[in-house]
Structures are given as C-alpha cells and as structure tokens.
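For reference, the structure discussed in these notes is given below.
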Amino acid sequence: MEDAKPSHATATILHSSSGNMDPAEARFTEFCKDGLSLNEIICTKAMKLLKETKPLLTNSSVIGNGTPEEAERFWFAFVLYSVKRLSEKNGDSEQLGSDDNGFTLCQILRAAKLTIVDFFKELPHFVVKVGPILSNLYGADWENRLEAKELQADFVHLSLLSKYYERVYRDLFVTNEANADKQSAVTSISGYVSDYHRFGWLLFLALRVHVFSRFKDLVTCTNGLVSVLAILIIHVPVHFRNFNVHDDRRFVKKDGTRVDILASLSNIFDTSEHELRKTMEKANNILVDILKKTPRPASECRSKNMENIDTDGLTYFEDLLEDSSLSSSLGNLERNYDDAIRSKGELDERVFINDEDIKLVSGSLSGGDVNMSGVKREFDSISSPAKTITNQFSPQCSPASNANGILGGASSKMAATPVSTAMTTAKWLRTVISPLPSQPSVELERFLASCDRDVTDDVAYRAQVILQAIFPNSGLGERCVTGNLQSANLMDNIWEEQRKHEALKLYYRVLEAMCRAEAQILHANNLTSLLTNERFHRCMLACSAELVLATHKTVTMLFPAVLERTGITSFDLSKVIESFIRHEESLPRELRRHLNSLEERLLESMVWEKGSSMYNSLIVARPSLSAEINRLGLMAEPMPSLDAISMHNKFPCGGLPPVASLQKHETSLGQNGDIRSPKRLCTDYRSVLVERNSFTSPVKDRLLNNIKSKLPPPALQSAFASPTRPNPGGGGETCAETGINIFFTKITKLAAVRINGMVERLQLSQQIRENVYSIFQQILSQRTSLFFNRHIDQIILCCFYGVAKISQLALTFREIIHNYSKQPQCKPQVFRSVFVDWSSARHNGRTSQEHVDIITFYNKIFVPAVKPLLVELSPSGTTTKTNRVPEVNNNDAQCPGSPKMSPFPSLPDMSPKKVSAAHNVYVSPLRSSKMDALISHSSKSYYACVGESTHAYQSPSKDLSAINNRLNGNRKLRGTLNFDDVDVGLVSDSMVANSLYLQNGSCTSSLGAPLKTEQPDS
C-alpha cells in the first residue's frame, strides 16, 4: 500500500558528520548564544538534553508543517523550555538566572519564529517521545513540574480575558474608529487613552503575580479585571468616558442620586460585590507599594471624576493617571513585571497588548488546533455562546445603542462571551450552592442513620479527608511577595477553603437527592449497601470537586487531578456522572456540558489506559483476556486508604478523629493491613455502575417516558455491588459482565457518532459507513485487546482504511488523517503516537514497548489481527481465506452475553435546516465552528441552536416554540430574537445527538469487493 509507509523527513535533521560537532548541535549552540544570549550553564544543560533526544527526533514523524527546518526549530524550543522549567523546579533556578540571564517562553518562541498556539499544538508529541528521558534526568514527577498543561490553560484564559478587556474598554472609553484596527483606543490627544488601556492591563498582571499566585482561575482573574475597570472609571479623565453615570438603566444608585460603582459593575459582570471590593483593595495596595502613590478617601476628593458617584469605601489617587506621572507609572509596572517573570520562564502576558507580538499570539485555539489533555475541550466548553446577555458593556452592541452618550439602549443585547458565560456559571455556585449548610441536612442524616449502623460520622470524616486532599493548603515554600503586599499564600489558602466548602455542600445536596430517589425505588430507607461503599462516596466527592473547579476554570488543577488525589480511576468516575447530573436539576448547562465532555474523554481513551479499574472488571467478565491484561500490567493499583491519604496530606481533619469503624472496614480487606489489591478477586470495592440509560441525556428525558415506563430503573446501590456478585436484575450475569456490556454499548455509540462524522466529511457511501461500524463492533467484541492502552479513534481510523482497501476504494491514509484533523475531538498524537507491544505481535523477535505512527500500527498490528474479520465483509471472502494472516488474539472470543452486532443507528442530520420559506431562519446543533456566525451582527441569518440557554442556570425547553410563534406572528424583527419572556424548562444540550441511542436504522448488505493483498513495507 503506497501511502501506508511512515515518513522520515526529519531523518536528516540531526545527521552526524565527521566534523568536530554535529551540524544540528552547532546550530543549536548558535541559537542559544546568538539568538537568546544564554550563559554556559544553560547551554550545557540544554545540549545534554538535545543529545539525549537526538535518536528520537531522527526516527519520529514530521513535526509542524513537514519541513526539516521547522521541525528543528520546534525541537530547539521544546528542549530549552523543558530545561528552563525543570531545572528551576529542581533547585537550579539561581544558577540559570545568574548574570541577569533569565529568559521566558516568549523569548524562546521569538528566536525560533514560532507562535504560542503552534508550540502548544506540537508539544504533546515531544512529551510522549521524550518522557522517559526527562524522567531519568529530572525525576518521575517531571510532567507535573513541567506544567505544560497549566501554562497552556493559562494562555487560553489570558486570550479570552484580553479580548474581553479590550471590548469592554472600548465601550467604556472614547475610541477613534479609524485607528481601531491598529490599537485598542486612540484619541485626538495622541497616546493618552492607549496608555490608559496599557496601564489597566499591567495593573491586572501585577494582581496576577502578587495576589492570585497559584490559583489563576478565570473567575478570580475576571474579578481582578473588573476591579481594574473600577479604578480606571474613577481615575480616567471624564472627557474620555463613553458612558453617562446618569443612565439609571445601567447603574445602581444609592438614594436615587449617586451611583454605586462597585454594585453597578457587580451587576453588569455577574461578579460578587464582596469579592470585587476585596480585590479592589488589593489593587490599591499594589498602587501604593509599586507606584508609591498616596491614597486618599474618595469622599475627600473634589475631582470632577467623582461627581455623582457614591464615594463610600472608595480610594482615590490624585495623580495616578495624570499626564505628569502616567509614563513613569507604566515604566514601574513594566519593570516590576520583568523582575517577577524573568526567573520563572513563564509566558510573558504583555504579548496581548504589544503590537510587535501580534504574530506571536496569532492562531485559533478552536477546531482542534490545540488539544493537550482536553484543554481545547475546556476552551470549547467556555467559548460557545450560551445565552443572550442584557445590561452589559458590550463591544458587540449596535453602534446606535451608544447614542446620546448612554452606554447601550434599554433593550441592547449581546451574545455571551466565554468570560461572561463563566461568570454566569459561577453565579449559580455563589447563589445556589454557597448558602447551603456545610453538614448533612436533616433528611440526609435520617438516611445515614437508617443504615445497619449509623454512618454519619463516616461520611463526614471521609468528606473532610478527600476534599483536603483535593484542596490542600499552600505550603510555606510557595512564592510570597515582598513589602506590604498581600501574601499570595494567604490568598491561596482562602481560595482553597472556599472551594472546599462549595464542593462539600454540593456533595451533600446531590447525595441527599440520590438517597431520596433510591428510597422511592426500593420502598425502604435502609441504603446500607450504597452508603457504606467507599468507592461510591469518593466518586461523588471527586465529581463535586471537579464541578467546582470547572466552574472557576482553574489552571493548576486540571482534570484528571481529582482522580489522582482521591485514589479512584477514570472507570470509577464514569459510573456516577449520569446519575450525578440526573439528581442535580439546577446544574447550569455549561457544567452539564463539562461532565458530558469528561465522559467522552473517559470513554475514548482514559478508561483504556494502564491502571484503569475497567481491567479489573474485564478480567471477571472476560477470563480469556486475563493473560494479556496481566502480561501488560494493566490492572489498577489498590485504592489507598483514608489513613494513607490523610498522612500523605498531613491532615489532622480539624480535630475530627478518624472513625474507628470506617478505618477498620478499610484496613481489614487485605493481608498485612492494606487494602485488598484490585488484582485479586476483591468483592467489596470492584464496583460497576448499572446505569439506567447508557449515554443518554443527562436530564429527565421527557422523550423517553414511554420507554422508561416499560423498564423500571434498577436501584443505584445494586450498581455498586461486587463484580463477581450475580446481577440483581437476573439473566445469570455477574455485575462485572453487565457493567462491561454497558460500557461496550457506550463505546459503540460514541464510535457511531465519530464514524458518521468522518463519513460525512469524506463523502463516503452509507454502505461504507455500515461496514466500518460493523468492523469496529467486531473488533471491540472479538479483538478487545487491540483497544488496550490505545485511543478508540486509532481503531476507527484503521477501520476506515481497512474497509476502503477491501472495497477497492481510492482512499489513502493521508486523506483519512487530513479529514480527521478537522474533527473537533482530533488530537495530533492520536495518529502520531500509537502504543505497540512488539512481544505480543511476535515481530522479528522484538519484545519492547514503544509508540509508533498509525501507519506502522496498521501494517504491523492491526492487519494481522483484523484481516480475517475484513475478509468476512466480502462475498468473495471464502475464496481468499488462504491469504489470512494467522490470528494473534485467538483468546479474544466474544463472551457470552456480549452485545450482538447491530446495524448502524439512525443519526439526526447535523446540518443546518431552513425551517421557514418566508424567513431566513435555520435550526442547527450548537458547534464551536458556528460561534463566529452566531455572535456576528453582520450575519444576515438567525441561528436557533437547540440547547442554547435563555435563562440563568437552565437549558431551554421552549425556545423552538418561541421561534415558531414569532415567525407565525405579524411583527417583523429587525434585531436579535428576544426570548426573555419564555418560560424556560430543562432540556439537554445533547438531546439531538442522544436520539441515536433510541433509534436503530436498517442495515444493508456488506460490500462485495474482493480483498487486495497487502503490500509489504519497503
């Protein structure tokens, strides 16, 4: 097969010569010394890593756009970034930063002529290849210390915040539209307002450096940005304002006369007035300590800026933004920021306001460009327009709305931005969850006391230990600022305590709802089996904490941090996601989408990774796979006891002593006092959730009522029974078999969606779609080990090529990968880095494990295992059976009770549909690619998106009815559709996609093309 050959375009990059120095090493030395002026210490460390990684680059796939020169520049940047970050975290920062020789990531990228987006796009490939070497040089925890995922998430947030700040600033202050494309704001008095814009951003960066420290979450940073806007409103000269404080439709007034600035901004931007006031105080302290300004109570100020403004609690600086001091203030903020980041090697956050760095921050973060560990999905989840926002300083308001000096009209609207959506979600947490008590309610206590023994103390102790592990107090070694500025550690500790209490309250709230539902199903209040299950409670706590972290958009605790800190696995968490959403009906749409996205991540790859508890259930359900699972060492490690977690985090539990019964229950499970290993046939904690509806909408599915009435839901507590225990639902299956079958059903449904997307993109026939889906199902059932340590998209891509070959279809792997790269879930490492265990492949006596490109995997692993199944797709398959490659995984026979092969399910049409002959109105599922069209006022089409929120914290149930009513009415609309008067109910954002789980289409006959003999690799 002509295109199924790995590329070796980079083989010449690091080719050795007979000279004194390798040419690439010489170029790297020149890059370090001439391009970055690095000292000998750094150059020596970097050269050592470059030499260590040379063989990996020589044998790797092409990086970047495919040219050896660009691949080399990427590699140089990766090496220097790794040395900088890992050396400073290893205690070598003083040496690296000596002689004023600190350098940042942005300096590296400028010298390498790379953009930040491209760097993060290619970095995962480097990490996978070089991981073992970095582990040997810098220790096993190198990946955590590299902080690449955190830095990327920080870049995403800063990109959003900088755009948000610029848009709001342009609404607040006068701009010159003729120069708007070149700079944020310019007036006839050259430079003044642009300097104000720059001052505000630099003050915000000072807050991030000196106050926010580790937890630079999006919500906290937005509070900081709004506090900076308050300072600008107070100090920027009045004649630069683009708003009128007398606009009572925008501003909150005290006694009907004077405007309360902080209350107004809190109302406009959905922030907490209390948090905004505290953050503004810290910003004022920065002005005192860094700029040496003298604060005065605003009540004593007679400035024109303070006219008609309530001065209670406000601070004013006389000469803060005066012509005489503005330039020196900017210089001081610049120098302070330089000192703060020079030794850290972090992202220079001034690139977002520097004209010369426009190219450095260019590029889109959507559409699969950046996909490291789900950060792109986080970006998508916060960047989709969710609802129409009213009463906000909107950059997207009609220009006419600013007439007469009033910022926006009474009915002005704007499509939600990522930042405003995040703030709306945070408002739910602040107003719905935070007021709840921090202990079980009376009803929940009744359920806990109704068990065979009272487990109230057990539940409270466990919750404190686990949440302390997720939100540990900052160590004294963390960076603290100097002078009189607020300690960053103190802010961290306050932040952690607040998030911990929010997670605890959410956990108790959902647990109570679950108990209530289970009691109704069982007609009993004794829920001992469920409420004494350790793994169930940890999954619930992890889910609660993850939602709190997702609400605040944290940078330093990205998923799967909660799994690692609670001792559970991805398979464990996948059991409770749907039930959790079902029992918290007030959960905002963005958080529902986040959990749905997490479930997709778990199904596509994380559950198949080494250490997943799925393998512990699979060994019970499929005994024939036990040898392969044990040989690869895939089994999950024992779940750590609460004592072990408590000791690791040095947690005294606030004086609450360990519950003896709980500790005894844990430590008596295995020998020598440890928890029984999941590798043994444990009967207590190897749990599988028998879900009521696999991969369905995470809300009360109104469309499924008639189906549910025929199938009474099983009790939740029976779902967490031992894998070896007979399924209470009957059928002769164990819980492990039932759970694995449900898991496999979820996998096939997810695969159906992705196969359909590829078929549409490649414009293939429905018969090809049927065959690809059929082969995928057979591999999952009969060649299950092909999924071990791999991503399901890797199997899907190989299925496409295999079916194309047997069907004699002119489809190359290059075309398949090119079109896959346009899919929203695409990650480059899916086709660049596929796990291979050569010992199981019996390949030329090799026994090592490594990651290869997908073409090598297809030729060496996939074809020998799957060729007999591909033959069966062809009517002439009986004549070609002599050409079969001997099967490798003969033990992967379909187990009794496995899901039968099913035809491709009926999928909803994902294309936009015009729903009115007289009006230009379309209905389409919400996609990130549609965002620009949705928020653009220049668009002549109105898009109504199923699941688009029109009310705080809820998804719509009647939006489409409202659209129809308005279309059928006589009133002509010239602006955006107004749904404020719609009675909003609950409906899932993914309802359309989930309809595929209820309907199955008919299956046509398979292709009859003869099998072409595979050509050997050359």
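The values are calculated or read from the model by the stated rules, or taken from the named source; none is laboratory data. Everything numeric here is computed off the predicted structure, so don't read it as measured data. Because the Cβ atoms are built from the backbone with ideal geometry, glycine has one as well, and the counts that use them run over all protein chains shown. Just so you know, the surface numbers come from the protein's heavy atoms only, side chains and all, with ligands and any DNA or RNA stripped out. Shrake-Rupley method; radii C 1.70, N 1.55, O 1.52, S 1.80 Å.
So, in the stretch 599-614, of the ones that are without any contact (Cβ under 8 Å) to a residue 60 or more places away in the chain and part of a helix (DSSP H, G or I), which residue ends up farthest from Ala542 (Cα to Cα)?
Met606
Does Lys427 satisfy the criteria of being modelled with pLDDT of 90 or more, surrounded by 18 or more Cβ atoms within 10 Å (Cβ to Cβ), farther than 17 Å from Val117 by Cβ and of a type in the set (D, E, K, R)? Please lay out each step first, then the result.
Working: modelled with pLDDT of 90 or more: yes; surrounded by 18 or more Cβ atoms within 10 Å (Cβ to Cβ): yes; farther than 17 Å from Val117 by Cβ: yes; of a type in the set (D, E, K, R): yes.
Yes: the conditions hold for Lys427.
Matching residues to (1) farther than 22 Å from Phe199 by Cβ; (2) of a type in the set (Lys, Arg):
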{"position": "Phe240", "(1), (2)": "no, no"}
{"position": "Asp247", "(1), (2)": "yes, no"}
{"position": "Arg258", "(1), (2)": "yes, yes"}
{"position": "Thr271", "(1), (2)": "no, no"}
{"position": "Asn285", "(1), (2)": "no, no"}
{"position": "Val288", "(1), (2)": "no, no"}
{"position": "Ile309", "(1), (2)": "no, no"}
{"position": "Ser325", "(1), (2)": "no, no"}
{"position": "Arg335", "(1), (2)": "no, yes"}
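Return only the number of the condition from (1) farther than 20 Å from Glu25 by Cβ; (2) modelled with pLDDT of 80 or more that Asp99 does not satisfy.
Tallying (1) farther than 20 Å from Glu25 by Cβ; (2) modelled with pLDDT of 80 or more, Asp99 fails exactly one: (2).
Give the residue, chosen from Arg302, Arg249, Arg241, that is at pLDDT 85 or above and open to solvent by 30 Å² or more (accessible area, probe 1.4 Å). Spell out how you get there, then give the answer.
Numbers: Arg302 fails: at pLDDT 85 or above; Arg249 fails: at pLDDT 85 or above.
Going through Arg302, Arg249, Arg241 in turn, the sole match is Arg241.
Spot the failing condition for Leu591; the list is (1) open to solvent by 10 Å² or more (accessible area, probe 1.4 Å); (2) under 16 Å from Val548 (Cα atoms); (3) not in a loop (DSSP other than H, G, I, E, B), and only one is missed.
Result: Leu591 passes all but (1).
Any idea how many residues of the stretch 759-772 are surrounded by fewer than 23 Cβ atoms within 10 Å (Cβ to Cβ) and either touching a strand residue (DSSP E or B) at 6+ places or on another chain (Cβ under 6 Å) or assigned to a helix (DSSP H, G or I) (or both)? Explain how you work it out, then say what you get.
First pass over the stretch 759-772, keeping only residues surrounded by fewer than 23 Cβ atoms within 10 Å (Cβ to Cβ): 759-769.
Remaining after also requiring either touching a strand residue (DSSP E or B) at 6+ places or on another chain (Cβ under 6 Å) or assigned to a helix (DSSP H, G or I) (or both): 759-762, 766-769.
Count: 8.
Given the criteria touching a Cys at 6+ places or on another chain (Cβ under 8 Å), of a type in the set (A, V, I, L, M) and either buried (at least 22 other Cβ atoms within 10 Å of the Cβ) or farther than 18 Å from Leu869 by Cα (or both), does Ile775 qualify? Can you show your working first?
Numbers: touching a Cys at 6+ places or on another chain (Cβ under 8 Å): yes; of a type in the set (A, V, I, L, M): yes; either buried (at least 22 other Cβ atoms within 10 Å of the Cβ) or farther than 18 Å from Leu869 by Cα (or both): yes.
Yes, satisfied.
Would you mind finding the one in Glu496, Glu512, Glu502 that is open to solvent by less than 10 Å² (accessible area, probe 1.4 Å) and either part of a helix (DSSP H, G or I) or not polar (S, T, N, Q) (or both)?
Of Glu496, Glu512, Glu502, the one residue that is open to solvent by less than 10 Å² (accessible area, probe 1.4 Å) and either part of a helix (DSSP H, G or I) or not polar (S, T, N, Q) (or both) is Glu496.
Considering only residues of the stretch 319-343 that are free of Cβ contacts under 8 Å to residues at least 24 places away in the same chain and either in a loop (DSSP other than H, G, I, E, B) or of a type in the set (A, V, I, L, M) (or both), which is most open to solvent (accessible area, probe 1.4 Å)?
We begin by selecting, within the stretch 319-343, every residue free of Cβ contacts under 8 Å to residues at least 24 places away in the same chain; these are 322, 324-325, 328, 331, 335, 338-339.
Now restrict to residues that are either in a loop (DSSP other than H, G, I, E, B) or of a type in the set (A, V, I, L, M) (or both): 322, 324-325.
Numbers: Glu322: 90, Ser324: 107, Ser325: 9 Å².
Across the stretch 319-343, the extreme among qualifying residues is Ser324.
Which residue, of Leu151, Leu137, is aliphatic (A, V, I, L, M) and either open to solvent by less than 20 Å² (accessible area, probe 1.4 Å) or outside any helix (DSSP H, G or I) (or both)? Break it down into steps so the answer makes sense when it comes.
Values: Leu137 fails: either open to solvent by less than 20 Å² (accessible area, probe 1.4 Å) or outside any helix (DSSP H, G or I) (or both).
None of the other options fit; the residue is Leu151.
Which residues, counting only those in the stretch 173-223, are among the aromatic types (Phe, Trp, Tyr) and at pLDDT 50 or above?
We begin by selecting, within the stretch 173-223, every residue among the aromatic types (Phe, Trp, Tyr); these are 173, 192, 196, 199, 201, 204, 212, 215.
Listed by number, the residues that qualify are Phe173, Tyr196, Phe199, Trp201, Phe204, Phe212, Phe215.
From the residues in the stretch 515-537 that are in contact (Cβ under 8 Å) with a residue 40 or more places away in the chain and farther than 17 Å from Asp452 by Cα, which one is most open to solvent (accessible area, probe 1.4 Å)?
Selected residue: Arg516.
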